[in-house]
Amino acid sequence: TRIEYAFRDTGAKIVLTNSIYADRLEALSLKSAIREILCIDSSDLQSKLSHVSCNNPDTATDSDNLAYVIYTSGTTGNPKGVMVAHKAVVNRIIWMNTKYPLGLKDKILHKTPFTFDVSVWELLWANWYGASIVIAKDKSHKDASSILNLISKHQVSICHFVPAALDSFITIIKETSTKNKIDLSSLDKMFCSGEALKLQSVKDIKH
């Protein structure tokens with residue numbers, strides 16, 4: 001499986017997860033380098049970590065050090081692990097805020113799964129510049145109606161869509177606007193990536 005491949009490829013020794021995935025990961029650990037699985041919702045997590053020092057680690061790190069590894073979809077073969085350094089993350093977010101400055105009243109919608117790189121700026125951008133984050137429920141990125149209601153309810157000003165998902169969002173807007181009053185006046189910026197963006201989609205969302 002993709003998860004098993006990623007564990008073998010990275011040689012990860014510790015996995016942070018929650019209890020609903022624990023059994024599956026225990027089975028995978030027999031085939032990989034995993035030595036310990038920590039469930040964040042487990043009652044015995046505190047006891048497992050009791051031997052760990054509470055002091056800040058004495059480490060020498062710099063901007064070239066690895067921040068995370070994120071895997072491609074694998075549609076053309078095995079997924080490829082892309083190693084992202086701290087300076088790459090910093091560069092991306094500083095560029096975004098230079099090009100599209102955040103205000104203190106901005107609200108960014110965090111709906112992208114953590115297995116996609118967009119989730120990084122959705123989570124960090126607002127934190128760095130004093131804006132707010134509206135965190136969507138798990139898998140709600142597949143539900144255009146849920147996203148529409150979330151944007152309207154919490155007055156989201158910035159969000160991201162894969163173009164195909166944007167088309168579904170536009171369809172829901174058209175269907176909903178004829179039945180219920182929706183307020184999208186707060187929505188100021190929409191970013192798209194992952195595939196080609198159709199000109200018609202841009203025209204439709206503007207209207």
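Couple of notes before you dig in:
- Taking segment 123-152 as the range and being open to solvent by less than 70 Å² (accessible area, probe 1.4 Å), aliphatic (A, V, I, L, M) and within 14 Å of the chain's Cα centre (by Cα) as the test, the residues that pass are Leu123, Leu124, Ala126, Ile133, Val134, Ala136.
- Test result for Ile108, open to solvent by less than 90 Å² (accessible area, probe 1.4 Å), modelled with pLDDT of 95 or more, more than 18 Å from Cys192 (Cβ to Cβ) and out of contact with any Gly (no Cβ under 8 Å at 6 or more places or on another chain): no
- The residues of segment 98-133 that are among the acidic types (Asp, Glu) and within 26 Å of Thr72 (Cβ to Cβ), listed by number, are Asp117, Glu122.
- Matching option when the condition is under 24 Å from Phe114 (Cα atoms), at pLDDT 85 or above, surrounded by 13 or more Cβ atoms within 10 Å (Cβ to Cβ) and in contact with a helix residue (DSSP H, G or I) (Cβ under 7 Å, 6 or more places away or on another chain), among Ala67, Ala88: Ala67
- Filter pass, Val120 being in contact with a Lys or Arg (Cβ under 6 Å, 6 or more places away or on another chain) and buried (at least 19 other Cβ atoms within 10 Å of the Cβ): no
- Residue check, Cys39 among the hydrophobic types (A, V, I, L, M, F, W, C) and surrounded by 15 or more Cβ atoms within 10 Å (Cβ to Cβ): yes
- Any hit, segment 49-58, residues being open to solvent by less than 80 Å² (accessible area, probe 1.4 Å), out of contact with any helix residue (DSSP H, G or I) (no Cβ under 7 Å at 6 or more places or on another chain) and either part of a helix (DSSP H, G or I) or among the charged types (D, E, K, R) (or both): no
- Count - residues of segment 1-31 that are among the hydroxyl-bearing types (Ser, Thr, Tyr), open to solvent by less than 30 Å² (accessible area, probe 1.4 Å) and not in a helix (DSSP H, G or I): 1
The values are calculated or read from the model by the stated rules, or taken from the named source; none is laboratory data. If you're wondering where the values come from, they're calculated on a predicted model, not measured in any experiment. Note that each Cβ is placed from the backbone with ideal geometry, even for glycine, and that neighbours are counted across all protein chains shown. Ligands, DNA and RNA are excluded from the accessible area calculation, which covers all protein heavy atoms including side chains. Shrake-Rupley method; radii C 1.70, N 1.55, O 1.52, S 1.80 Å.
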